[in-house]
Ligand code: AMP
């Protein structure tokens, strides 16, 4: 997969109309529809300001939620247009439709330095189905396409990949940052390269583990998925999470690590509980967990082992919590890992989703090199898979 893509800096946008795919999929209050965090809108500002400053006219677009082709008033992008306008300090013209008459007329009349926002792309079923007519209608409003929504680059949708069949396609500053940092980590990492993987399920990360075993010097596995590996090693795991149908795969991965000389680290002790509950009393167990207990977090010796392993690293990629970090009593391992990354001096990359939320919640975000904005997209990136929304961009 080639991550070396042309960016907004590689094209003269003066006087051009730019179709800009943003990630305005903001969290909302379910009752009132109010935006509860404008982080994603704030993140889009640098690319927008750059384009407007260069004399482009910007036609911004995004999805919001999962309307599945239905027009749902609660999922209108109108509040996003309002917030974006406040942040930019200029009017954001809001279209009442996506590719309809209103949008088309507004796009045609749009002047350099002006910005408009289309209505929620997923109000039209053809967005997610990558309908060619829908993609073409979007493209027809503009001269070039800029992709700045990393969270959706793993989807082959009309606005993420389809439009590139009709327009020259470039990355925006957000997507460029993701590609250059994560792409370099995978292709040419500063070594030692350590991958830390956690979370609930092995099956979600099969290809990630497999791919990283070919690139990393050390692979660390924590979280619920570690117990399938411990079982594969012949340990007792009590009532811990187990994917029995993945035991053979786990054995295969352990053998692959050995064959490639990759250090493969698993928990050596665990904080366990009698039930899956925030109030459960943590019980410290060693390698084997009694029948009536389940592993909920990594123990202190494991924290030491894992922290030591990341200490001299050149690059660290982390995806997935080390335990049930939503419960305070079992958040210690994830906290310790976040701290170890922050203090490592390595290039540190945290995949989106839970581990990103944990790092932010624990206050270590400003000491991490890069926190990816895309959960699913960053996982597929780590799998080494071709991402349709990246593959469609012009190569440098
Ligand atoms: P994922 O979405 O696969 O990254 O998994 C994140 C989830 O894994 C979080 O909700 C954690 O609570 C959960 N998790 C982590 N460790 C464990 C564990 N030992 N047992 C059960 N769930 C866990």
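Points worth noting:
- Residue, farthest from the ligand (Cβ to nearest atom), within the range 355-377, restricted to residues that are in contact with a strand residue (DSSP E or B) (Cβ under 7 Å, 6 or more places away or on another chain) and closer than 12 Å to residue 320 by Cα: 359
- Filter pass, residue 198 being farther than 16 Å from residue 19 by Cα and crowded, with 24+ Cβ neighbours inside 10 Å: yes
- Taking the range 83-97 as the range and being over 26 Å from the mean Cα position of the chain (by Cα) and in contact (Cβ under 8 Å) with a residue 12 or more places away in the chain as the test, the residues that pass are 90, 91, 92, 93, 94, 95, 96, 97.
- Screening the range 16-45 for residues that are more than 18 Å from residue 144 (Cα to Cα) and in a helix (DSSP H, G or I) and picking the one that is farthest from the chain's Cα centre (by Cα) gives 45.
- Residue match in the range 162-169 (condition: in contact with a helix residue (DSSP H, G or I) (Cβ under 9 Å, 6 or more places away or on another chain) and within 16 Å of the ligand (Cβ to nearest atom)): no
- Screening residue 239 with (1) modelled with pLDDT of 95 or more; (2) under 27 Å from the mean Cα position of the chain (by Cα) gives one miss only, at (2).
- Summed over the range 316-354, residues that are within 12 Å of the ligand (Cβ to nearest atom), surrounded by fewer than 24 Cβ atoms within 10 Å (Cβ to Cβ) and not in a helix (DSSP H, G or I) total 5.
The values are calculated or read from the model by the stated rules, or taken from the named source; none is laboratory data. Being a predicted model, the structure only gives us computed values, none of them experimental. We place every Cβ from the backbone using ideal geometry, glycine too, and count neighbours over all the protein chains shown.
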